[in-house]
Amino acid sequence: MFRTALRRATTTTSSRTVLAAPSKRWISASAARRSLQSLDTLTEEEEAIREAARRFAAEVVGPKVREMDENEMMDKDIIKGLFEQGFMGIETSADHGGAESSFTSAILVIEELARIDPSVSVLCDVHNTLVNTIFRKYGNKEQQDKYLPLLAESKLGSFCLSEPASGSDAFALQTRAEKKSDHYVINGSKMWITNSWEAEIFLVFANVDMSKGYKGITCFVVPRSDVKIAKKEQKLGIRASSTCTVAFDDVKVPFENVIGGEGKGYKIAIEILNEGRIGIAGQMIGLAQGAFDKAVPYTYERKQFGQAIGTFQGMAFQIAEAATEIQAARLLTYNAARRKEQGLDFTQQAAMAKWYSSVVAQKVSGQAIEWCGGVGFTRETGIEKFWRDSKIGAIYEGTSNIQLQTIAKFIQKQYSP
């Protein structure tokens, strides 16, 4: 293709071929080179926030990981620390108390937290990529002025969409909101709700008109005082991250607590989950890197048959392959994040990033246990926790099959006659 274009841009004089002068010079070659950067090139601000997140994760989160996992409870001081560090309003404007940084910055924080504890990572992820973003993109000025400062400084948010009968088929939800003269009355329940044990601000999706199907779905702001925690789940992984069934019994919600307008909830959910999937991809690559970082040094310390086990070809090749897969997943994720920032379509890229990152996370965390043998199988090292935590990556915010279906639809659209 490049050579064909080059031939078309040439003229022949006698036996001498010369390049034709362009009618207009768009951009200098040196400027073009400067504008084309690698996918993992970060701004100074992004580098700084990543380093801050890395230190916080290692120094503050790290010492409490095992205790939180065993107790299945998030440490309140860690949540407080996330707010104090500015990690809970990363894209929120400075006027609303946030860091006013990039979407990629949010992904970097999520990744760094997951290298130490994916439970803390997903708490931060849902709060930033789902809750904050809904207020920023769809909330009116009054809602933004009221809630964004709280969400940036002290109040944890929760996103309530899934129900017992509506998981992958999210728009089959049965929670209803009956419209009255000056308020709505919500009745129903939600299941698998992240952050719900600690959250104080809930975004709840309910249908105001079942006859309209998904076009009746509306997003409401509901305070903690009106939410009933029916059950706190005991899970295989991300145990410190709360996952609860929540109930709404004749909850009155004023008209001003509707986000984006009546019947716009389905559009909000679709668009916001595409962004959220990049966040989960960030969590999974951080998880994979965390397992890798814990296991690989051991393979060079542990000796068998007179040499470090990590130097045997069979082991060395596995380590090299894992490192390559983590980096590939990272670049898929960063690419999706940058496309989102640039205003380009990123639905397919987000699906690819989430699917592949979850696959890599499960594979690498499982291998990390095997590389360390019996030591890796014990809870003391923390390596086995990464594998337990990795399983959720293929489930929440769209299962792996849903991601593959999304990718396949784009391929079919591109190649079908």
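Numbers below:
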item	result
Failed condition for Ile270, given (1) open to solvent by less than 60 Å² (accessible area, probe 1.4 Å); (2) out of contact with any Asp or Glu (no Cβ under 8 Å at 6 or more places or on another chain)	(1)
Candidates Lys409, Lys391 - the one that is open to solvent by 60 Å² or more (accessible area, probe 1.4 Å), of a type outside the set (Phe, Trp, Tyr) and closer than 20 Å to Ser119 by Cβ	Lys391
Options Gly265, Gly306; residue that is more than 30 Å from Met68 (Cβ to Cβ) and open to solvent by less than 20 Å² (accessible area, probe 1.4 Å)	Gly265
Residue check, Lys385 open to solvent by less than 20 Å² (accessible area, probe 1.4 Å), at pLDDT 95 or above and either not β-branched (Val, Ile, Thr) or not in a helix (DSSP H, G or I) (or both)	yes
Test: residue in the range 338-354 that is open to solvent by 30 Å² or more (accessible area, probe 1.4 Å), under 20 Å from Asp69 (Cβ atoms), within 14 Å of the chain's Cα centre (by Cα) and not polar (S, T, N, Q)	no
Conditions (1) part of a loop (DSSP other than H, G, I, E, B); (2) modelled with pLDDT of 95 or more: number failed by Gln327	(1)
Close pairs (9 angstrom Cβ cut-off, 6 or more residues apart or separate chains): under 15 Å from Ile402 (Cβ atoms) in the range 261-273, acidic (Asp, Glu) anywhere	Leu273/Glu397
The range 297-352, subset in contact (Cβ under 8 Å) with a residue 12 or more places away in the chain and among the aromatic types (Phe, Trp, Tyr), residue nearest to Ile383 (Cα to Cα)	Tyr298
Hits in the range 239-250 (condition: open to solvent by 10 Å² or more (accessible area, probe 1.4 Å) and either part of a strand (DSSP E or B) or over 18 Å from Met191 (Cα atoms) (or both))	Thr243, Thr245, Ala247, Asp249, Asp250
Among residues of the range 179-226, those that are in a strand (DSSP E or B), in contact with a Lys or Arg (Cβ under 7 Å, 6 or more places away or on another chain) and charged (D, E, K, R), counted	0
Selection count, the range 114-125, where residues are small (Gly, Ala, Ser) and more than 10 Å from the chain's Cα centre (by Cα)	2
Cβ-Cβ under 6 Å pairs, at least 6 apart or on other chains, the range 99-125 side on the phi > 0 side of the Ramachandran plot, far side part of a helix (DSSP H, G or I)	Glu100/Ala94
Any pair with Cβ under 8 angstrom, 6 or more apart, that starts in the range 79-94 at a residue that is surrounded by 24 or more Cβ atoms within 10 Å (Cβ to Cβ) and ends at one that is of a type in the set (Lys, Arg)	Thr92/Arg136
Condition check for Asp293: of a type in the set (Asp, Glu), part of a helix (DSSP H, G or I) and more than 26 Å from Ile201 (Cβ to Cβ)	yes
Yes/no for Ser168 being in contact with a helix residue (DSSP H, G or I) (Cβ under 6 Å, 6 or more places away or on another chain), open to solvent by 10 Å² or more (accessible area, probe 1.4 Å), assigned to a loop (DSSP other than H, G, I, E, B) and not basic (Lys, Arg)	yes
Selection from the range 373-384 of residues that are of a type outside the set (D, E, K, R) and under 29 Å from the mean Cα position of the chain (by Cα)	Gly376, Phe377, Thr378, Thr381, Gly382, Ile383
Candidates Glu111, Glu84, filtered to the one that is under 12 Å from the mean Cα position of the chain (by Cα), under 16 Å from Arg50 (Cα atoms) and modelled with pLDDT of 95 or more	Glu111
Tyr184 being assigned by the TED database to the domain that holds Thr92, among the hydroxyl-bearing types (Ser, Thr, Tyr) and either open to solvent by less than 40 Å² (accessible area, probe 1.4 Å) or farther than 17 Å from Ala247 by Cβ (or both)	no
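The values are calculated or read from the model by the stated rules, or taken from the named source; none is laboratory data. Since this is a predicted model, take the numbers as computed values, not measurements. Please note: Cβ atoms are built from the backbone with ideal geometry, for glycine as well, and neighbour counts cover all protein chains shown. These accessible areas exclude ligands, DNA and RNA; they are computed on the full protein's heavy atoms, side chains included. Shrake-Rupley method; radii C 1.70, N 1.55, O 1.52, S 1.80 Å.
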